[in-house]
Amino acid sequence: MYSGGMSTSERLIESAQELLWERGYVGTSPKAILERAGAGQGSMYHHFKGKPHLALAAIRRTAEQLRGAAEAVLGGPGTPYERVRAYLLHERDVLRGCPVGRLTMDPDVIASEELRAPVEETLAWLHARLAGIVQEGKDQGQFGPALVPEEIAATVVATVQGGYVLARASGSTAAFDAGVRGLLTLLAPEER
């Protein structure tokens with residue numbers, strides 16, 4: 001499954017990332033991680049103190065990747081509306097759900113302050129980044145003065161995360177796509 005160039009610890013982290021996304025914390029056993037990574041029985045404990053430490057490394061990596069992908073779009077060219085639009089229309093595996101958002105549904109992750117921290121930090125970062133872009137749009141006169149940047153940012157995050165839930169429940173991306181289209185219609189700058 002993995003090329004010979006990837007270190008064992010990297011394979012373990014990547015395998016844990018995938019399994020946490022697919023199965024959650026409880027459903028991700030050390031045995032499953034080792035099998036997916038193609039690693040020997042003692043490998044996890046050689047590189048990590050145990051499952052919680054490996055899960056934390058995997059959650060941090062997932063959070064970093066999500067922030068990187070979001071920033072690539074949000075920090076790209078275009079007006080504030082165009083950048084929010086690009087974020088909402090960014091290609092995603094909608095039926096699989098958000099690898100960070102899904103962790104909020106995992107009681108073991110939420111119960112652990114340490115495991116929950118990267119999830120909270122990432123969602124807070126995304127909210128703040130979006131609010132800054134909306135404020136930028138207000139300052140440029142692209143968005144109306146009545147828009148509250150923090151509320152619009154919360155709406156964007158809720159639309160994406162809620163869209164994932166609805167898409168997974170129905171087995172179709174239609175609900176996600178409809179939510180995104182509706183929000184973009186509401187945010188679209190008026191023609192002058």
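Here are the numbers for this structure:
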item: Per-region count, the range 83-123, residues within 17 Å of residue 151 (Cα to Cα) and open to solvent by 60 Å² or more (accessible area, probe 1.4 Å); result: 1
item: One residue from 87, 81 being at pLDDT 95 or above, in contact with a Phe, Trp or Tyr (Cβ under 8 Å, 6 or more places away or on another chain) and within 26 Å of residue 166 (Cα to Cα); result: 81
item: Residue list for the range 24-54, restricted to those being polar (S, T, N, Q), open to solvent by 40 Å² or more (accessible area, probe 1.4 Å) and either under 24 Å from the mean Cα position of the chain (by Cα) or under 15 Å from residue 106 (Cβ atoms) (or both); result: 29
item: Members of the range 60-82 found to be open to solvent by 30 Å² or more (accessible area, probe 1.4 Å), of a type in the set (A, V, I, L, M) and touching a residue at least 24 places away in the same chain (Cβ under 8 Å), listed by number; result: 66
item: Meets criteria (under 18 Å from residue 116 (Cα atoms), open to solvent by less than 40 Å² (accessible area, probe 1.4 Å) and hydrophobic (A, V, I, L, M, F, W, C)) for residue 57; result: yes
item: Sole residue being touching a Phe, Trp or Tyr at 6+ places or on another chain (Cβ under 8 Å) and modelled with pLDDT of 90 or more, chosen from 23, 61, 102; result: 102
item: Residue in the range 21-39 that is outside any helix (DSSP H, G or I), without any contact (Cβ under 8 Å) to a residue 60 or more places away in the chain and hydroxyl-bearing (Ser, Thr, Tyr) present; result: yes
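Residue-by-condition table, conditions (1) touching a helix residue (DSSP H, G or I) at 6+ places or on another chain (Cβ under 9 Å); (2) small (Gly, Ala, Ser):
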site	(1), (2)
71	yes, no
83	yes, no
93	no, no
98	yes, no
126	yes, no
132	yes, yes
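The values are calculated or read from the model by the stated rules, or taken from the named source; none is laboratory data. Predicted, not measured: the structure shown is a model, and the values here were computed from it. Glycine gets a Cβ as well: all are built from the backbone with ideal geometry, and neighbour counts include every protein chain shown. Ligands, DNA and RNA are excluded from the accessible area calculation, which covers all protein heavy atoms including side chains. Shrake-Rupley method; radii C 1.70, N 1.55, O 1.52, S 1.80 Å.
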